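Below: one structure, written as structure tokens.
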Amino acid sequence: METVILAVVIAVVVLGALGGLIVGSRRRKPLPPPPPQAPDITAPPAEPHVGDEAETPRDEPRRTIEEVDLPGGPAPVVVEEPPVVEAPGIEIPEPTAGRLVRLRTRLSRSQNALGKGLLTLLSREHLDEDTWEEIEDTLLTADVGVLPTQELVERLRERVRVLGTRTPEELRILLREELLNLIGTDVDRTVRTEPEDRKPGIVMVVGVNGTGKTTTTGKLARVLVADGRSVVLGAADTFRAAAADQLQTWGERVGAYTVRGPEAGDPASVAFDAVKEGKEMGVDVVLIDTAGRLHTKTGLMDELGKVKRVVEKHAPLDEVLLVLDATTGQNGLVQARVFAEVVDITGIVLTKLDGTAKGGIVVAVQRELGVPVKLVGLGEGADDLAPFEPEAFVDALIGE
């Protein structure tokens, strides 16, 4: 009995010890850390300042980097808006009648050296062989040409011999009559742009580069617009880079549409399209500016012939104008011959006729080609192109 009691006591003690150990281990286990909290950020103490800067810093408006002047470095890039390009206004060309008066006055100032020289020689009391030779030299210097000069001198000799006493006024009338006979007053000098059976009229302009060919085409467009005609321009000079741009500028000034092709493209194709466009638009006239490199280039001449043939698939050419520089004199006749062999020249435009005493080229080129001078250019102005009038021209030569 005592043994049982002792065993129970020992068991109770052992259980009590084990329970104490378990409770103690639970008390020593660390608790989980509390959740982190946002730390309080304290601004660092301001740096010490001296004098006016010793006061407490205040909030000031901040500047952008564009407002701060940085030392050195490139200047800020300013992006400018592209300028607005306004469409050029359409000009109103000067009427033909008004420009003729002005051009006649200019021609009179620049050309009458020839007439005055002839009148001075013819006014001598004794007209010997030396005087007649001087008269011939004066006419040849003015590019009248050998045969026309010989004819004129012979007629003057005969009439002076019959006239006998010669007053200055009689000599002026005599010289005027003979020069008009030489130039011709009964020739039709109208630029044909109004065919009766169709529209548009087709005009092709040919000539060597440098004679003012493209400029003349643009000025002729102004003349036609001034007369109430509508115009399409064909820039068939595709071999000269600036030709199409130049012609288009002339057209834009008077509201004429310009047909152009790629640089170094087919000139005949451009000419064909220009006539086609003119037909579709119902305009009155199509002006075709052609290439004009050296007239000795066989390829160019062949190309001109091709342009003519292609255009005539639409309709016959109404006018083929050859542009010549009046200052080139007899060299211009060489050019005229070559062009006349390729295309049928119907009229001549003499440019740069002002400021030169070589007005006799009018006579020589007409004799050479058998076609009349129809237009003359007397300056660099846009409206310095006018129909050729023999009476006004001769009056300008000898003075009225």
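Rule-based calculations on the coordinates, nothing more; no lab input. Every value quoted in this text rests on a predicted model; they were computed, and no experiment measured them. Glycine gets a Cβ as well: all are built from the backbone with ideal geometry, and neighbour counts include every protein chain shown.
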### Query
Across the stretch 363-376, in residue order, what do the Karplus-derived ³J(HN,Hα) couplings come to in whole Hz, using 6.51 cos²θ - 1.76 cosθ + 1.60 with θ = phi - 60° and x for Gly and Pro?
5, 5, 6, 5, 5, 5, 9, x, 10, x, 6, 10, 9, 9
### Task
State the answer as a single residue: which of N209, L220, T167 lies farthest towards the positive end of the charge dipole of the stretch 160-254, with beta carbon charges of +1 for Lys and Arg and -1 for Asp and Glu, about the Cα centre.
N209
### Query
Can you pick out the pairs among K279/K352; K213/K374; K276/K352 whose Cα atoms lie more than 24 Å from each other?
K279/K352; K276/K352
### Task
Enumerate the calculated ³J(HN,Hα) couplings along the stretch 223-230 in order (Karplus 6.51 cos²θ - 1.76 cosθ + 1.60, θ = phi - 60°), each rounded to whole Hz, writing x wherever the residue is Gly or Pro.
4, 5, 5, 4, 8, x, 9, 9
### Summary
Mean Cβ-within-10 Å packing, highest first, puts peptides 334-340, 267-273, 285-291 in the order 285-291, 267-273, 334-340
## Note on the structure
Pseudo-spin-label distance M281 to N209, built 7 Å along Cα→Cβ, given in nm, is 2.6
### Task
With a Förster radius of 45 Å, plug the Cβ-Cβ distance of S269 and K116 into 1/(1 + (r/R0)^6) and report the FRET value to the nearest 0.05.
0.30
### Summary
Here FRET efficiency (C-beta to C-beta, D245 to D302, R₀ 22 Å, nearest 0.05) is 0.25
#### Entry: Angstrom value of the Kirkwood radius, inverse mean 1/r, which spans all Cα pairs in the stretch 232-375
16.0
